[in-house]
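What follows is a short report on a single structure.
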Amino acid sequence: MKQRYRYGLSGPGGVHLGPAGPVPPVVKALIIANIAVYVLQRLVGGNRLIDFFALYPADLVKNFQIWRLFTYQFLHGGVLHLLINMLMLWMFGSELEQRWGPRFFIRYYFLCGIGGGITYALVRFDSSMATVGASGAIYGVLMAYGMWFPNRIVLLAFLFPVRVRHVIVFLIVAELLQAMESTGEGIAYAAHLGGMAFGYVYLRWWSKGGLGLGAMPGWHDVKRAYYRWRFRRLQKKRFGNGPTLH
């Protein structure tokens, strides 16, 4: 039976943020597993699980503790971190799993999560700070959704209708800019970009077997946005940035 999907405001009954039908099995299992692990973090003390299962780039590179590339995806730094990731998984992962089937979806999900971890470890190879969260996998899911449904309209902030392809380009540019400004603390932007990059390459390779993908904005769109940002930044350096705010 074909499943209907509704996004944004729909009718007087309220807000529909995801699939109208039941949550598919892999997405449901991932959400339950992530919530269960977070509850366990709270019960036994977050630091214990983080010490053993979070991604520490220095340990991964020097001690080859490769299991961390898998386990770090189930740990989260707070309730909001967990809720946002699970909401995105439900909203965008459900339709992908229905299209692809559970086997391919779970393989793709963990590939993006591992790819995000590898990317972050390569960029911050000497860091001894813990990295946690499913964001690398979630950003890979967002990339896949944009590739399969580039012209799908979503309501940005529940108000503004925007094509998914434009949302993805905005995310890529925003993550690139923030990654370049980042000191390595806080949000792991490199993991987000890595998840998207691994997902994009894998789906393009997979689609050579005859599976059609929607036309995503090309690399030149991203590059032009980056050069515009560089130009504005150079102008600020040349003519001054204005007062410093404290």
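The values are calculated or read from the model by the stated rules, or taken from the named source; none is laboratory data. In this text the structure is predicted, and so the values were computed from the model without any measurement. Using ideal geometry, Cβ is built from the backbone for each residue, glycine included, and neighbour counts are taken over all protein chains shown.
Points worth noting:
- Yes/no for Val132 being touching a residue at least 60 places away in the same chain (Cβ under 8 Å), surrounded by fewer than 19 Cβ atoms within 10 Å (Cβ to Cβ) and within 19 Å of Leu193 (Cα to Cα): no
- Arg103 meets each of the listed conditions (1) part of a helix (DSSP H, G or I); (2) in contact with a Gly (Cβ under 8 Å, 6 or more places away or on another chain); (3) modelled with pLDDT of 90 or more apart from (2).
- Verdict on Ala36 being at pLDDT 90 or above and of a type in the set (Gly, Ala, Ser): yes
- Filtering the stretch 50-82 to residues that are assigned to a helix (DSSP H, G or I) and modelled with pLDDT of 90 or more leaves Phe53, Arg68, Leu69, Phe70, Thr71, Tyr72, Gln73, Phe74, Val79, Leu80, His81, Leu82.
- Taking the stretch 122-146 as the range and being assigned to a helix (DSSP H, G or I) and aromatic (Phe, Trp, Tyr) as the test, the residues that pass are Tyr139, Tyr145.
- Residue satisfying condition, being within 20 Å of Tyr38 (Cα to Cα) and either surrounded by fewer than 22 Cβ atoms within 10 Å (Cβ to Cβ) or out of contact with any helix residue (DSSP H, G or I) (no Cβ under 7 Å at 6 or more places or on another chain) (or both), within set Phe104, Phe110: Phe110
- Flag not set for Thr119, criterion: surrounded by fewer than 21 Cβ atoms within 10 Å (Cβ to Cβ), part of a helix (DSSP H, G or I) and among the polar types (S, T, N, Q).
- Within the option set Leu43, Leu30, being over 21 Å from Val141 (Cα atoms) and at pLDDT 90 or above holds for one residue only, Leu43.
Let's see how each residue does on (1) of a type in the set (Asp, Glu); (2) within 23 Å of Lys28 (Cα to Cα); (3) modelled with pLDDT under 85:
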site	(1), (2), (3)
Tyr108	no, yes, no
Leu111	no, yes, no
Thr119	no, no, no
Gly136	no, yes, no
Ala174	no, no, yes
Gln178	no, no, yes
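- Condition check for Gln98: in contact with a strand residue (DSSP E or B) (Cβ under 9 Å, 6 or more places away or on another chain), closer than 17 Å to Val27 by Cβ, surrounded by fewer than 21 Cβ atoms within 10 Å (Cβ to Cβ) and modelled with pLDDT of 90 or more: yes
- Residues of the stretch 41-61 classified as exposed (fewer than 15 other Cβ atoms within 10 Å of the Cβ) and either of a type in the set (Gly, Ala, Ser) or within 12 Å of Leu122 (Cα to Cα) (or both), total: 1
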